[in-house]
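Everything below concerns the one structure shown next.
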């Protein structure tokens, strides 16, 4: 018990797994016998030897005539040899036919080679007459013959302990008659949600409560790694209940995961239970940021992991610790966290003594990856759907300068996107992307026009969709490229979209009406083209009414309620959560809403010049100018004019 | 019915899917509602909107004191502000606490922010006394506060139709209370094995029969793509039985797969059944090699695919056609076949008018991939476990010159290996590789010493293990590097291994004894170091006996029976399939066999110099010289001398 309770001493990131290994061997937990079908995707726990030869009998590799090669020596198109046909062997026939000198037998591909034939003449070099076959080509001894055992000899090692049973390996094993194999058994992972604030998705929330989401993160990763995973009912913040829940889960699993411990009371409870295990808490805190409050306890040969509660911290801890633990305990070879090298686009501050992990979006440019930090705090749950990995600032570094290279920890399921299309959402653009050959290499993120232009400028985005009106000039988009100082980009003129008020019942044609009727408005996010339009209209209306913009804005119920897409506006109005909004006609029609036109706006694409070499970007632009143009000309609420697909360089 | 029966007209590779699409829309088949847990890994069939805000209430982002920011303006270490403590809010509490001017309240991370507090001072910048808190830092309005709805607004589109439900997305959806989603339903794939020659793995084979293995290939790929797959019992070669089997499978599946049709009789049966469907056979033969005999039939909106029977052809057709069909019908975005670009290492012949696919092993060297063709005919089933992809020779090309670049179709599950270690098998080397951090990026292939050296020379291998004795000089390995003309390589001296006769019962110490006792010998493969030793001993013994080498060889029962590893020799002797063989002591002991020493041999590594920059290769060499040395000095049958890890340049 000397090693018990190494408490409140922070452990280095690289020491977490070795520390655990001092208490629990990180070796496969055991094996199970499985049919080939069940074994696909699992890891072999034993070497597999061939119980038979392959091919199991000497066979023909072609359709043709089995011959004794000496009998057809010198045969050629203009001097064929004639052989007597003594029979035919079809594939699957188990009779060993005999031929004599000067004789031959018809054979199908895969048929048993007659004895003592030593070659097969392909049917296209023969001409069969009744009882006789003319042979137009000589064959070498062994030609088109596949001798028994020539591919695999009985006893050969076909696969090693540790190999993954791929579909190909399963087929190989089947070919020599192996029907069952031994594989490492799946790890059992039990998630015990704790915390009075948690509710299950589907339950009703009180103000002050949140839905449990981290449990699904753990469950999903464990399942995708092939583990058996299970989410237990939430344990209330009572010592006995937490104790019982953790012990029950320990009885049924190899690894138990608890999450959070954000409230002081709860933290006490989970940690008191973990400390009471035998040998108990072995790690409590890691020299990293975020994710410092990791707790690891051992009970016999079982593990309890207490993961941090903020979504991006929880995901990080899963990638760093839980995923490798599951993989090792299942005997998987690919148990290491995956790192790539990436360029640091902006200076980043480290935390000497701790390893810092900066959530980031990974972008490929000129054969290099760049890791753009994700904005916002680690409590953001929406970032879960965007984060590609975590840029690593080593313990030794005060900071990483812009342009330097750093390691990035990527998620176990990360795949690089070739192109990022970030900006204003447009349903037709989405359909164009969905139809691309390269669509799984294109990431489409809706942030609004202005954020899209900024993303193109910084290099996160290859392409941005934008529809920003400059009220001074009445021009769309180009004035903003200039004022934002965008260089090295091309603007591709797009189609026109009809914007208007969307409503469920009462027709609305001005903001005054919305205010007078006391309707609930839903706004668009600042920086979006539609928001710019809304503010422009409000200012104009304020001018007409002789009141201030701020004043009018305050009278508009819901002005501060912002959503990021036309779809969301239409959805909220259709569901009755809001009464009116501003969106494109396409969204109104899709949700069966009323629509009062405000006017047409231009939806353009802005493309980085250094992205024009990317195949996915070229396909997207081609698709926009062909499929996009076609759809726009056929879809109500859209229009195409002669400017479409003109390009302007900046 | 005008389009019915486009029969015997070969279709171009790129026209296969478009032809199918004329008859059957390649769109998702339908949707099912699933819990978040069930939905992980599936594809959303509908957009998902946020039903609530996130965070659902305004909360603190830190442990500290909620304040009205104006009250702490100007607070600093040497001039703290004192606030009255009016209460504490823990996470999960649903009461909205109120504070007044000059007051504060303790809050945990995640707790509801009291009203009208607008900022939180972290606990580390405070000092609490009874009823009073000293604040040492000013905070800006909104600091450490996470306002309700600031991350996700109700109605926001969280994920789009077509998005994969990753663990992260599942967690994001859970966070806003979504508990069930609509996903595209899995495709049902039924495999109907046909052909009299087929037997199930586990059944007894007659001479002329083979085990069904392709069914497992189809099953495995379908399952790994998320489809529901099922292998039906084999249909015998009788029209009514094949007809019934296919119709039954059509009733229960979306896609039915039959394989083979190698025998003329069988082909007739399957094609007669496919032709009788409505509209029937729509493709019969594709302009490609291998894999020409693809058949596609349509019955209503269901598909029957007749795949070619040779393993590498079957795998190719699965990659080219079946996998994209499954993906499209499930609505997956990643439905395209994956191609990479690779260097062509030797001239390759095309087949103008047809697209040629050459099975290959992909090797990374200097940032480029090279696609080395796999030797042997397409009937080889062992190649299934090696093939990385298929190099594509376009329809227009007579040949591809050495050094040119070509596209390579890689398998849906292909991952690049960083290092190929090809050559003589050694159990300690295998353990060294298994212990490497980079072990999942290292491919270990046992081919024997000579083939390993040739693989290093051609560039397929980065490293080869070799133990080839030159009887003239008594030297190991170095004479062969010279005679094979290996340049740009380094030889790393390895450990010594004890070779000897291995046997089950009767002790054996010479080949004469094996022959006299009439024992069944199992030989090693030509080109292996052990085979060179065997032939060397046989020649010496023939000299002593005054007989020819050939003669002695013929008297040795089993000389022509070759396996590729020490493990296989020991396994066969232990099982009683053979009585005696030559292997290393390690293998004998592992299988509890008798062992008569012949002598020690040297097991060296040969490494390409241009591979020394690869991390996996460096780790392997480090491991060989540390872990390998340690194990060799501790393991009976191995020895280490002072030469170990000396290097010689060639």
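Compute from the Cα atoms of region A:420-649 the Rg and the Dmax, the latter being the longest Cα-Cα distance, and quote both in angstrom.
Over region A:420-649's Cα set, Rg and Dmax evaluate to 17.5, 54 Å.
Going 7 Å from the Cα of residue B:646 along its beta-carbon direction, which residues of region B:478-499 have the amide nitrogen within less than 11 Å of the resulting point?
Zone members listed by number: B:493-494.
Find the all-direction average of the projected area of the Cα convex hull for the protein assembly as shown, expressing the result in square nanometres with one decimal place.
57.7
By average Cβ neighbour count within 10 Å, what is the ranking of A:513-526, B:492-505 from highest down?
With the highest mean Cβ count within 10 Å placed first, the list reads B:492-505, A:513-526.
For region A:197-286, report the convex hull volume of the alpha-carbon atoms normalised per residue, in Å³, without decimals.
Considering the Cα atoms of region A:197-286, their hull volume per residue is 120 Å³.
One decimal, nm, shortest first: give the distances between the label point of residue B:435 and those of the same position in the other copies, each label point 7 Å from Cα along Cα→Cβ.
Copy-to-copy label distances for residue B:435: 5.9 nm.
How large is Rg over Rh for region B:442-488, taking Rg from the Cα atoms and Rh as the Kirkwood inverse mean of 1/r across Cα pairs?
0.98
For the peptides A:229-241, B:103-115, what is the packing order when you average, over each peptide's residues, the other Cβ atoms within 10 Å and list the highest mean first?
B:103-115, A:229-241
Residue B:21 to residue A:179: FRET efficiency via 1/(1 + (r/R0)^6), r the Cβ-Cβ distance, R0 41 Å, to the nearest 0.05?
For R0 = 41 Å, the calculated efficiency reads 0.60.
Can you list the copy-to-copy distances for residue A:515, using a point 7 angstrom from Cα toward Cβ, in nanometres, shortest first?
Those label-point separations list as 11.2 nm.
Once R0 is set to 35 Å, what does the formula 1/(1 + (r/R0)^6) return for the Cβ-Cβ distance between residue B:338 and residue A:248, expressed as a FRET efficiency to the nearest 0.05?
The pair residue B:338/residue A:248 has a calculated efficiency of 0.20.
What residue of chain B has the nearest C-beta to the axis that moves B onto A, and what is that distance in Å, given as a whole number?
It is B:367, 4, counting Cβ atoms only.
Compute the projected area of the convex hull of the Cα atoms of region A:59-146, averaged over all viewing directions, and report it in nm² to one decimal place.
4.6
Looking at the calculated P(r) for region A:338-416, what percent of the C-alpha pair distances fall above 15 Å?
53
Debye sum, Cα scatterers, region B:563-650, no solvent: what log₁₀ I/I(0) at q = 0.13, 0.16, 0.25 1/Å?
Listed by q, the Debye log ratios stand at -0.58, -0.79, -1.20.
Residues of B:175-185, mean number of Cβ from any other protein chain within 10 Å of their own Cβ, rounded to a whole number?
Mean partner shielding for this stretch: 4.
Place the peptides A:213-222, A:11-20 in order of packing, highest mean first, counting for every residue the other Cβ atoms within 10 Å and averaging per peptide.
A:213-222, A:11-20
Can you give the calculated 222 nm mean residue ellipticity of the protein assembly as shown, where each DSSP H run of n ≥ 4 adds -39,500 (n - 2.57) and the sum is split over every residue, rounded to the nearest 500 deg cm²/dmol?
-6500 deg cm²/dmol
Provide a whole-number value for the mean count of partner chain Cβ atoms within 10 Å of the Cβ atoms in peptide B:152-165.
6
Bin width 10 Å, alpha-carbon pairs only: give the P(r) of region B:279-435 as whole percents, running from 0 to the bin holding the largest distance.
10, 33, 34, 16, 6, 1
What value does region B:506-635 have for Rg/Rh, both radii from Cα atoms and Rh as Kirkwood defines it?
1.06
Using every Cα-Cα pair within chain B, state what percent have a distance larger than 38 Å.
57
Quick one: Cα centre-to-centre distance for region A:475-507 and region A:182-237, in angstrom?
43
Which of rounded, prolate or oblate describes region A:238-349 when judged by the alpha-carbon gyration tensor and an a/c cut-off of 1.5?
Oblate is the answer for region A:238-349, as a/c is 1.5 or above yet b/c matches or exceeds a/b.
If r is the Cβ-Cβ distance from residue B:415 to residue B:84 and R0 is 56 Å, what FRET efficiency results, to the nearest 0.05?
In this case the efficiency is close to 0.35.
So what is the diffusion coefficient of region A:592-638 in µm² per second by Stokes-Einstein at 10 °C and 1.306 mPa s, using a Kirkwood Rh over Cα pairs?
122
How far, in nm, would the chain grow between residue A:396 and residue A:115 when pulled straight, counting 0.36 nm per residue and subtracting the alpha carbon separation?
93.6 nm
How well do other chains shield peptide B:411-421, expressed as the mean number of their Cβ atoms within 10 Å of each residue Cβ?
Taking all residues of B:411-421 together, the mean is 1.
For label points placed 7 Å from Cα toward Cβ, what is the shortest-first list of nm distances from residue A:301 to its copies?
5.2
Where a number appears in this text, it was derived from the coordinates with a stated rule and is not lab data. All figures in this text were calculated on a predicted structure; none of them were measured in a lab. For neighbour counting, all protein chains shown are included, and Cβ atoms are generated from backbone atoms with ideal geometry for every residue, glycine included.
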